[in-house]
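A quick write-up on the structure given underneath.
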Amino acid sequence: METSENLIYIKSLNYENMMDLGKILSQFILHSKVHLIYLKGDLGSGKTSLVRSILHGLGICETISSPSFSIIEMYDSCEKNIIHIDLFRIHSPYAWRTEEIRNCIENDKNLTLLEWPEKARLLPNPSLLIELLWSNESDPHGPRDIKISGIEISKLYRFINTKYLKKFKYE
């Protein structure tokens, strides 16, 4: 693991540990004012799986569907409305500016988890940007490298500190 003031970089995280990271992120979300999280990564890199782990950690018990076709999935929690958006299928980089999507993204009372932010233009800066990369590109079922940055990165780093990160098993 490498860290700086602007980046947390976790190398070779297996699937189980990636799900643990989702639960830690959910605890951070509950204790912070994070409202906008972007997830970047190739198809199959684990973006939706990580979102499911985060949402389960936030107490969402229902089935969490990928919004690949619906674009938006919404969930109610005691704390705030949770919106999961997938921009993979949008046809214009400005399509997110339609009233429904824009309201979800810009309302800081929501928690919005947005996949494929690179498909859009002029998005607001995220609280967190999570990038998922294959540790070994020739092994798509293998471990992932995770890069986390964003406006709230220093608060996240203080929250999870080295003690939490040492719990992860690396390959």
Please verify whether the range 37-49 includes one or more residues that are in contact with a strand residue (DSSP E or B) (Cβ under 7 Å, 6 or more places away or on another chain) and in a loop (DSSP other than H, G, I, E, B). yes
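So, Gly22, is that one under 23 Å from Asp139 (Cβ atoms) and at pLDDT 85 or above or not? Can you show your working first?
Details: under 23 Å from Asp139 (Cβ atoms): yes; at pLDDT 85 or above: yes.
Yes, satisfied.
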Would you please name the residue that is modelled with the highest pLDDT, looking only at residues in the range 156-171 that are open to solvent by 100 Å² or more (accessible area, probe 1.4 Å) and more than 18 Å from Met18 (Cβ to Cβ)? Arg158
Listed residues Leu123, Leu129; which is within 24 Å of Gln27 (Cα to Cα) and either modelled with pLDDT of 95 or more or aliphatic (A, V, I, L, M) (or both)? Leu129
Can you pull out the residues in the range 41-92 that are touching a residue at least 40 places away in the same chain (Cβ under 8 Å) and of a type in the set (Gly, Ala, Ser)? Gly41, Gly44, Ser45, Gly46
Would you confirm whether or not the range 13-36 contains a residue that is touching a Phe, Trp or Tyr at 6+ places or on another chain (Cβ under 8 Å), in a strand (DSSP E or B) and touching a residue at least 24 places away in the same chain (Cβ under 8 Å)? yes
Scanning the range 66-110 residue by residue, those of a type in the set (S, T, N, Q), open to solvent by 40 Å² or more (accessible area, probe 1.4 Å) and within 23 Å of Glu152 (Cα to Cα) turn out to be Asn81, Asn103, Asn107
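The values are calculated or read from the model by the stated rules, or taken from the named source; none is laboratory data. Being a predicted model, the structure only gives us computed values, none of them experimental. Positions of Cβ are backbone-derived with ideal geometry, glycine not excepted, and every protein chain shown enters the neighbour counts. To get the accessible areas, we keep the full protein, side chains included, count just its heavy atoms, and leave off ligands, DNA and RNA. Shrake-Rupley method; radii C 1.70, N 1.55, O 1.52, S 1.80 Å.
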